[in-house]
Amino acid sequence: MSAADPTTDLAATSWVASANQGSDFPLQNLPLGIFSEAKGLRRPGAAIGDYILDLPALADAGLLDGDWVDDLAQPVLNAFLARGHSAQSELRERLHELLSDERYRDDVEPHLIGQSEVHMHVPCMVGDYTDFYVGIHHATNIGKQFRPDNPLLPNYKYIPIGYHGRASSVRASGEPVIRPNGQRKAADSDAPEYGPCKRLDYELELGLWIGRGNELGQPIPIAEAADHIAGFCVLNDWSARDLQAWEYQPLGPFLAKNFLTSVSPWMVSPLALAPFRRAMPPRPAGDPAPLAYLDDPDDRSAGALAIQLEVTLTTAKMRSAGIAPHVLSRGSAEAAMYWSAAQIVTHHSANGCNLQPGDLIGTGTLSTASDTGLGSLMEISNGGKTPLSLDSGETRSFLEDGDEIVMRAWCEGDGKVGTVRIGFGECSGRVIAYGV
Ligand code: CA
């Protein structure tokens, strides 16, 4: 992961022309995913430009070599990720060679498939999904709605706060969002009623995919935490705010959250993100230093990620009228995360809890300090008090049926032929009524 890693050289180009033209997937990215063609088997691929490179086909053609090659014949990436960064790094170096050196073009080109011709899936069998709450501006904004004078609870600056989510309802981008039913209690009612959620929201998060796991009872030291992170994605923690408000005490989120979690299907490697690591934002004066088990000099100096984030909304009316998507927010993960990815992983295992290959961890909603990069409608509409206006003449406090949310993330640097963009692809979902 050093700066000398040739696979992150932003000046390098591919013989796949579309990879060099502002694509989310240039030669420096090479994210892994699981895809299928119509009636075809699920299998791993790597994104390059407008294409996906069929990895089992590449292996069958004798173009990949390593003790991990058989793991790429699986319909999920868990076994490959369990091998840790060494296998990921070997595959990445080989793909970089095959896709940059013109000599390999005739052998490799037959194994490129247009991304528009395939269906993408969740890349792993997710054993466990955990959601954190490290977006300090989000936590402050939400806290203010309940406790204007004391938005952050006393534990926030000591503990990366999290809760266990639901793995079974993790889906890839594009999965419809069926409006959940549940109990909701209006402030002026004595009793709750059961019915469709009226305050449906999204949460903009990054997802962490766990690679190598840890044994039960063996915490992951902070200096080793990065080795356990196989990749990153965009994650939407769909949230039913009215259900949440009624159910969350005393044990936290439950049915307000577990009806669906959407992820962008590409797993962006920490190796690809290495040039975009930054120092963690300095803690405000007066904040406690992290306890020793969460403190690491390398993480302090390079634990933040300069990842740009964007969320857009279209309504059914906007789409039929040809109105461009409404940008709900533009922000960055860099200044939003009070705790780093490594601190999240270390804290999760600090009691001996075992993480496993293919586990998914959400960072928590990532909002900026300013109101241009707020990661949920709960913040944008101030709990529904200030609806936003759309060019269609419609207003929104929360999501209506037919609304579509698209999240995107990317890092940018200067390359040989313009800006090189390490993109995450899209994480989208359209709301539909229950029973339709
Ligand atoms: Ca969340």
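The values are calculated or read from the model by the stated rules, or taken from the named source; none is laboratory data. Not measured: the values here are computed from a predicted model. Here the Cβ is made from the backbone with ideal geometry for all residues, glycine too, and neighbour counts use every protein chain on show. All accessible areas refer to the heavy atoms of the entire protein, side chains included, with ligands and DNA or RNA removed. Shrake-Rupley method; radii C 1.70, N 1.55, O 1.52, S 1.80 Å.
List the aspartates and glutamates whose Cα sits under 19 Å from the Cα of Lys198, skipping any in the same chain fewer than 8 residues away.
Filter leaves Asp188, Asp190, Asp237, Asp242, Glu247, Glu379, Glu394, Glu400, Asp401, Asp403, Glu404.
How far is helix 136-146 tilted, in degrees, relative to the longest principal axis of the Cα atoms in the chain, given as a value from 0 to 90 rounded to the nearest 10?
On a 0 to 90 degree scale, this one is about 20.
Could you point to the residue in Val126, Ala167, Ala46 farthest towards the positive end of the chain's charge dipole, with +1 and -1 charges on the Cβ of Lys/Arg and Asp/Glu respectively?
The residue sitting farthest along the positive end of the dipole is Ala167.
Might you tell me the accessible area per residue for segment 74-146, computed with a 1.4 Å probe and given in Å²?
That works out to 45 Å² for each residue.
Output ³J(HN,Hα) for segment 387-400: one whole-Hz value per residue in order, computed from phi by the Karplus curve 6.51 cos²θ - 1.76 cosθ + 1.60 with θ = phi - 60°, and x for Gly and Pro.
x, 8, 9, 10, 5, 7, x, 7, 10, 9, 9, 9, 7, 9
Could you name the lysines in cross-link range of Lys157, using Cα to Cα under 18 Å and dropping any fewer than eight places away on the same chain?
Lys144
Report the relative contact order of segment 121-233, percent, no decimals, based on alpha-carbon pairs under 8 angstrom and at least 6 residues apart.
20 percent
Residue separation times 0.36 nm, minus the C-alpha to C-alpha distance between Lys317 and Ala17: what's the value?
104.3 nm
From Cα pairs below 8 angstrom and at least 6 apart in sequence, can you work out the relative contact order of the chain, rounded to a whole percent?
Over the chain, the number comes to 22 percent.
Give me the percent of the accessible area of the chain that comes from carbon and sulfur atoms, probe 1.4 Å, all protein chains in place.
51 percent
Considering only His137, Gln74, His111, whose Cα is most displaced toward the positive end of the charge dipole of segment 63-143, charges sitting on Cβ of Lys, Arg (+1) and Asp, Glu (-1)?
Of the listed residues, the answer is His137.
Keeping all protein chains in place, calculate the accessible area per residue for segment 342-389 (probe 1.4 angstrom), answer in Å².
On the way: 1490 Å² over 48 residues.
Per residue, segment 342-389 has 31 Å² of solvent-accessible surface.
Spin-label point model (7 Å from Cα, Cβ direction): what's the Tyr163 to Asp188 distance in nm?
My value for the distance between the label points is 2.8 nm.
How far is helix 85-100 tilted, in degrees, relative to the longest principal axis of the Cα atoms in the chain, given as a value from 0 to 90 rounded to the nearest 10?
60 degrees
Report the semi-axes of the equivalent ellipsoid for the chain in whole Å, largest first, where each axis is √(5λ) for an eigenvalue λ of the Cα gyration tensor.
35, 26, 21
Running a GNM on the chain with Cα contacts under 10 Å, which residue among Ala79, Ala292, Ala350 ends up with the highest mean-square fluctuation?
Ala292
Lysines within cross-link reach of Lys416: Cα-Cα under 17 Å, excluding same-chain residues under 8 positions apart?
Counting by Cα, and skipping residues close in sequence, Lys416 has no lysines nearby.
If R0 is 30 Å, what FRET efficiency do you get for Asp101 and Ser301 from their C-beta distance, rounded to 0.05?
Plugging the Cβ-Cβ distance into 1/(1 + (r/R0)^6) gives 0.30.
Considering only protein heavy atoms, with the full assembly of protein chains and a 1.4 angstrom probe, order Tyr293, Tyr434 by accessible area, largest first.
The ranking, largest first, comes out as Tyr434, Tyr293.
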